[in-house]
2 protein chains.
Amino acid sequence: MGKKVVIVGGVAGGASVAARARRLDEHAEIIMFEKGPHVSFSNCSLPYHLSGIVEDSQKLVLMNPEIFKKRFNIEARVRQEVVKINRKEKTISVKNLATSEYYEETYDHLVLSPGAKPMRPNLEGVNNTNVFTVRNVVDIEKMHRFIKTEKVQKAAVIGGGFIGVEVAENLKLAGLDVSLVEFADQVMTPFDYDMAQILHKELVNHGVELILNDGLAKISDTFIETNSGRKIEADVVVLAIGVRPETTLAEEAGLEIGETGAIKVNHHYQTSDQNIYAVGDAIEVHHRLLNKPTRLALAGPALKQARAAADHMYGIPNRNEGVIGSSSIHLFDMNAAATGLNARTAKDAGIPHDSVYVIPGDKVGLMPNSNPMHFKLVYEYPTGRILGAQAIGKGNVDKRIDVIAAIIKLNGTIEDLKDLELTYSPMLGTARDVVNHAALVAENQLYDLYKEVKVSQVRDLVESNAFIIDAREKGEYQSGHLKNAVNIPLSEFRDRLGEIPTDQPVYIHCRSGQRSYNMVMALNNLGYENIYNISGSYLGINIYEYFNDLVSGREKIVTHYNFK
Amino acid sequence: MGKKVVIVGGVAGGASVAARARRLDEHAEIIMFEKGPHVSFSNCSLPYHLSGIVEDSQKLVLMNPEIFKKRFNIEARVRQEVVKINRKEKTISVKNLATSEYYEETYDHLVLSPGAKPMRPNLEGVNNTNVFTVRNVVDIEKMHRFIKTEKVQKAAVIGGGFIGVEVAENLKLAGLDVSLVEFADQVMTPFDYDMAQILHKELVNHGVELILNDGLAKISDTFIETNSGRKIEADVVVLAIGVRPETTLAEEAGLEIGETGAIKVNHHYQTSDQNIYAVGDAIEVHHRLLNKPTRLALAGPALKQARAAADHMYGIPNRNEGVIGSSSIHLFDMNAAATGLNARTAKDAGIPHDSVYVIPGDKVGLMPNSNPMHFKLVYEYPTGRILGAQAIGKGNVDKRIDVIAAIIKLNGTIEDLKDLELTYSPMLGTARDVVNHAALVAENQLYDLYKEVKVSQVRDLVESNAFIIDAREKGEYQSGHLKNAVNIPLSEFRDRLGEIPTDQPVYIHCRSGQRSYNMVMALNNLGYENIYNISGSYLGINIYEYFNDLVSGREKIVTHYNFK
């Protein structure tokens, strides 16, 4: 007879521990307990049921207890809640939710994979029947049914994280009027404020009413009220303001809880009781760039933790180098991906850093479906070690971010990125890949070959009457430009040097930063001492609602409701 | 007055040297000589003019001498052939092809970027007017015009490399009958024979007549004849059998030529004359996995070499760690990408290695456009150092290969791949990415956790009457299976252990290898000693024409004309 492995929670982490343990030990007795009716469903796909992209909700359920039993000889007990861990006896107390009966089960190894639960603020109306959260298949089926049977037309989604944004998108695709309310000044915290503007535009352009800098105050049957006093019509309300690790069971058993409020584990994902492992959204993990504990509610890391925990039960060590956090989202016509630190998290952590923001084409320009890709690279200063990156565009941004994730994993630097030999075909990319391109710009910056200011500083420049050169051609300039920029095209500047002052700083932009870079380098070479490239250039300027009053000749950009 | 930089060849490498030199030195005199009428065109996009994907051939020309002059103060002299280098005098002799006049030009630094020219075998008819090669915009315009004006319906493309395959695809898309003739037993040498089968099928399924193991013998106006005596109707013939570096100028100047027949350069891309640099398809580079000189006709490396050469003129050192070779192709509905060594090149080089072949989904299975991705990972044995990878599928295979290219760059191992934290969203990938998945399988193999045979060995197994288990469910088995495989589904094997022999090796496959892997591990655990997983599994078996007679219940696969 083999070991007895008992698992609490039957979704990503729990199911993976079970399957791996079975592969390592055909004789083990493996039991998986799940409070809900389903094991092994695709969490991340839940929102897509709302739009009908996943029409049959049963497809969200990847496995069932019968298949677990037949294929893997794993017993999956659904609708059974583990209510207590008796560490001394090495047993758990279980409540059968169908019969309300209690029973005990022994274990050799216990694995906690209870996940995290959506937060519910203590507000008026929060328990109304039109208020939903999204955690499992039952939740999404209930919401979907409510919307259909009540013929709901107006929805309010509270919270602009992954789940909130994906739910807003899918409700919009289903034809509803959708408001998305976010307390902070941007959605999707893996992205910096400048990059998030693109996501804001994408939401607004597709008809989602985006309300930033505002929170939920109360809920009624037909509307919600925000902190600022605004009333928003909503027949259905989705709470997606965050999740809290499920730690009750662990806490009551006296297991150590970490400083982030999640279950503390060691290198091998053992809790403070070595017979009890914990994996997934309920644990805290080590952030290898911030060098401190963090929480990370992502499926990929949960699968790795699960495998490592199962391996350790059988004496197989696994390297645990901590996490960096890599994620992606498909949002209407855009893809967005991020890894590691962004400029904000690096700054908050006090890590000396700098960043570059480039907007090259994602494919050879003359090929079909070639589009600009917004790419921001964050690196440690002055070492050039890569800390993170963000990419947003219609093309395959995730390819570029995965490359950065690989480079961070191996402690790579700007020089490594620059040297990378990446695949290229005109239908799929460019000979100088976005990643190489960003590295070249970053190297110029790191080596002090030129100076730059960030696109976000443009308002200060304009308001202080700085000398700004728009290096695009005349036609481009005329179709929209910064109000007080002087148009000196790259193709003309050598004959117009007299117009460029030497007694004050000069700031240069073009469309994507390529031509202005050439002009900056030339002027530096000619002995000008105060020449700055505007990182992000006009493509960057042109995503900011904030710059509406600074740009002539363009349609007013609206990126959210209560923009000041 | 600055340096005088003179460049021979105005396409990718040459134009990049010029632009970089300008950025480093506003005072430099920079002259670029180009024999043809165009500078800076997109080589790799040339074939797409044939199908009309790039309708206007002038769009293939990215820059012109006027823009070079105005934007960069670079003099681009087209239709001027550099005929001699006078090293002692530091001058070149130039022939103005418009006037047939000769003149001299001095240089401080000379850069050779002459490229490589298509090979023309010495055969009957090779100089007929219906025979074309593809090197530049003029070539592709000529061929396109010929096809239009002569109303050509039948084309023969000779050579199954990148250019040959892309030309065949684009002619097919233009509505022609296309035959593709390749001397070797497969197209696209970056791919192993097993992976190439998928490309063969894609070509054949889209109506390209693929003729392998056969060469061109002679050409007439309406047909070609192959070495095997076959006549193929063809009103237009495209020669794409390979390229030869343009070394004449360098050789005549007494510059050292390397063992590969290309110009030899040092770390900084200087030839044996330190005032003369050489970059691009005409030089030989160091292969960092094979540790020997090689030739690499790819745009990305040429751009890097160009920058490094220009930098070095100005005292800026650049790291040169050699090349690994990364490439991709879009072919009808498939994408294919490869990096580093494949199993064949590793074997030829005598590098101890092993490989895994997995076929996971490229996205979450229930999402739209989810498809299997064929992925082959090659690693050094027994270190686990990653040597290369190949991926083919409808999804973004290049993303996975770029990650592998990054890992190779930093000398990563299977363990590093396994740990990678890659981005995930159900619309874009899977929680356990293809790359992670392959690494887990490779680790199992490296650690001797189980044994496997390659899918290519299946014929031997069948012909030697080996005991093969098909671990799929009954319905799957019935819809097509290996003739003598025994159907014992993973879901039943524990009750049918009596049917599994202990006195002979047992080989197991399922659809993609996941279920068979679980059965292999279970049997190993139960003490069976001779259990093998069939790598590639049924999805792999099902791409081989070679296995037509071994598989019942499937349509006969045809992947090329003279298959034996």
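A short reminder: the numbers here are calculations on the coordinates, not readings from a lab. Predicted, not measured: the structure shown is a model, and the values here were computed from it. Please note: Cβ atoms are built from the backbone with ideal geometry, for glycine as well, and neighbour counts cover all protein chains shown.
For residue B:84, the aspartates and glutamates whose Cα comes closer than 13 Å to its Cα, not counting residues fewer than 8 places off in the same chain, are B:104, B:105, B:251, B:252. Between segment A:320-362 and segment B:234-253, what is the C-alpha centre distance in whole Å? Centre-to-centre (Cα) distance: 45 Å. The mean count of C-beta atoms from other chains within 10 Å of the C-beta of residues in B:395-402, rounded to a whole number, is 6.
I'd like the antiparallel share, as a percent to the nearest 5, of DSSP beta bridges with both residues in chain B. Here the share of antiparallel DSSP bridges comes out near 55 percent.
What ranking of A:257, B:508 emerges when the number of other C-beta atoms within 10 Å of each C-beta is taken as an exposure proxy, fewest first? Walk me through the numbers before you get to the answer.
Values: A:257 17, B:508 30.
In order of increasing Cβ crowding within 10 Å: A:257, B:508.
Our analysis of the protein assembly as shown gives Rg over Rh at 0.98, with the two radii drawn from alpha carbon positions and Rh computed by the Kirkwood formula. Here, segment A:256-338 yields an orientationally averaged convex hull projection of 6.0 nm² when only Cα atoms define the hull. For segment B:326-449, lysine pairs with C-alpha atoms less than 20 angstrom apart, excluding pairs fewer than eight positions apart on the same chain, total 12. When every Cα-Cα distance of segment A:326-449 is counted in 10 angstrom steps from zero, the calculated P(r) takes the values 14, 47, 31, 7, 0 percent.
Considering the convex hull of the alpha carbon atoms of segment B:131-241, report its projected area averaged over all viewing directions, in nm², one decimal. Before the final figure, lay out each step's value.
Details: hull surface 25.4 nm².
Reported value for the Cα convex hull: 6.4 nm².
Taken over the alpha carbons of segment A:273-404 as equal point scatterers, the Debye sum produces base-10 log I(q)/I(0) values at 0.13, 0.18, 0.19, 0.22 Å⁻¹ of -0.67, -1.02, -1.08, -1.25.
Kindly provide log₁₀ I(q)/I(0) values, in the same order as q = 0.15, 0.17 Å⁻¹, from the Debye equation applied to equal alpha-carbon scatterers of segment B:365-427. With no solvent term, the Cα-only Debye profile gives -0.51, -0.64. A simple charge model with +1 on the Cβ of Lys and Arg, -1 on the Cβ of Asp and Glu and nothing else charged puts the dipole of segment B:100-200 at about 540 debye relative to its Cα centre.
Per residue, the Cα convex hull of chain B amounts to 169 Å³.
What does the convex hull of the Cα atoms of segment B:333-392 come to per residue, in Å³, rounded to a whole number? In segment B:333-392, the Cα hull volume divided by residue count equals 77 Å³.
Tell me, what is the FRET efficiency for residue A:126 and residue B:371 to the nearest 0.05, using R0 = 45 angstrom and their Cβ-Cβ distance as r? That pair, residue A:126 with residue B:371, gives E of 0.60. Expressed in Å, the radius of gyration and Dmax of the Cα atoms of segment B:213-358 are 19.6, 59.
DSSP beta bridges in segment B:430-548, what fraction antiparallel, as a percent rounded to 5?
The antiparallel proportion sits near 0 percent.
In the assembly of identical copies, residue B:242 has its label point, taken 7 Å from Cα in the direction of the beta carbon, separated from the corresponding points by 6.4 nm (ascending, one decimal). Across segment B:452-552, counting alpha-carbon atoms alone, Rg and Dmax equal 12.3, 36 Å.
From the P(r) of segment A:390-503, could you give the percentage of C-alpha pairs in the tail past 25 Å? All intermediate terms of the calculation are to be shown ahead of the outcome.
Numbers: 2916 of 6441 pairs.
Distances greater than 25 Å cover 45 percent of the Cα pairs.
Given the -39500 (n - 2.57) contribution per DSSP H run of 4+ residues, what per-residue ellipticity at 222 nm results for chain A, rounded to the nearest 500 deg cm²/dmol?
On the way: 16 runs with 149 residues, N = 564.
Result for chain A: -7500 deg cm²/dmol, rounded to the nearest 500.
Only one residue of A:437, A:335, A:413 has its Cα farthest out toward the positive end of the dipole of segment A:326-449, where Lys and Arg carry +1 and Asp and Glu -1 on Cβ, and that residue is A:335.
Distances between copies at residue B:465, taken between label points 7 Å from Cα along the C-beta direction, are 9.9 nm in increasing order.
Is segment B:31-85 best put as rounded, prolate or oblate by its Cα gyration tensor, with a ≥ b ≥ c the root eigenvalues, rounded for a/c under 1.5, and otherwise prolate when a/b is larger than b/c, oblate when not?
On the way: a/c = 3.40, a/b = 1.67, b/c = 2.04.
Oblate is the answer for segment B:31-85, as a/c is 1.5 or above yet b/c matches or exceeds a/b.
Could you list the trypsin sites (Lys or Arg not before Pro) in segment A:436-493 that lie in coil according to DSSP, counting only those with at most 15 other Cβ atoms within 10 Å of their Cβ? Taking segment A:436-493 and a limit of 15 other Cβ atoms within 10 Å, the loop trypsin sites (Lys or Arg not before Pro) found are A:483. Averaged over the residues of peptide A:298-304, the number of Cβ atoms from other protein chains lying within 10 Å of each residue's Cβ is 6.
State the extension gain, in nm to one decimal, for the chain segment bounded by residue A:248 and residue A:528, taking 0.36 nm per residue of separation less the distance between their alpha-carbons. It would help to have the intermediate numbers written out before the result.
Numbers: separation 280, 0.36 × 280 = 100.80 nm, distance 6.46 nm.
So the chain would gain 94.3 nm between residue A:248 and residue A:528.
Apply the a/c threshold of 1.5 to the C-alpha gyration tensor of segment A:220-294 and tell me whether it is rounded, prolate or oblate. Here segment A:220-294 falls in the prolate category.
Under the combined filter of DSSP loop state and at most 13 neighbouring Cβ atoms within 10 Å, segment B:237-324 retains these trypsin sites (Lys or Arg not before Pro): B:319. This model, with +1 at the C-beta of Lys and Arg and -1 at the C-beta of Asp and Glu, gives the protein assembly as shown a dipole about its Cα centre of some 280 debye. Distances, shortest first, from the label point of residue B:141 to those at the same position in the other copies read 6.6 nm; the point lies 7 Å along Cα to C-beta.
Lys/Arg Cβ at +1, Asp/Glu Cβ at -1, dipole of segment B:1-146 taken about the Cα centre: which of B:38, B:27, B:93 is farthest positive-ward? With unit charges placed on the Cβ atoms, the residue in question is B:27. Summarising the amide proton neighbourhood of residue B:157: residues at separation of 5 or more, or on other chains, whose placed amide H is nearer than 5 Å comprise B:179, B:180, B:181, B:238.
Can you compute the charge dipole magnitude of chain A about its Cα centre, using +1 on each Lys and Arg Cβ and -1 on each Asp and Glu Cβ, nothing else charged? Give it in debye, rounded to the nearest 20. Write out the running numbers ahead of the final one.
Values: 62 positive and 70 negative charges, 200 e Å.
For chain A, the charge dipole is close to 960 debye.
What whole number of Å gives the distance from the Cα centroid of segment A:31-86 to the Cα centroid of segment B:498-518? Segment B:498-518 and segment A:31-86 have Cα centres spaced 28 Å from each other. If R0 equals 56 Å, the separation of the Cβ atoms of residue B:221 and residue B:267 corresponds to a calculated FRET efficiency of about 0.65. Computed over every Cα-Cα pair of segment A:19-163 and binned at 10 Å starting from 0, the pair-distance distribution P(r) comes out as 9, 31, 33, 20, 7, 1 percent. Projecting the Cα atoms of A:181, B:266, B:6 onto the charge dipole of the protein assembly as shown, computed from C-beta unit charges around the Cα centre, puts A:181 farthest toward the positive end.
What is the antiparallel percent of DSSP beta bridges lying wholly in segment B:131-241, to the nearest 5?
On the way: 6 of 20 bridges.
Counting only bridges with both partners in segment B:131-241, antiparallel ones make up about 30 percent.
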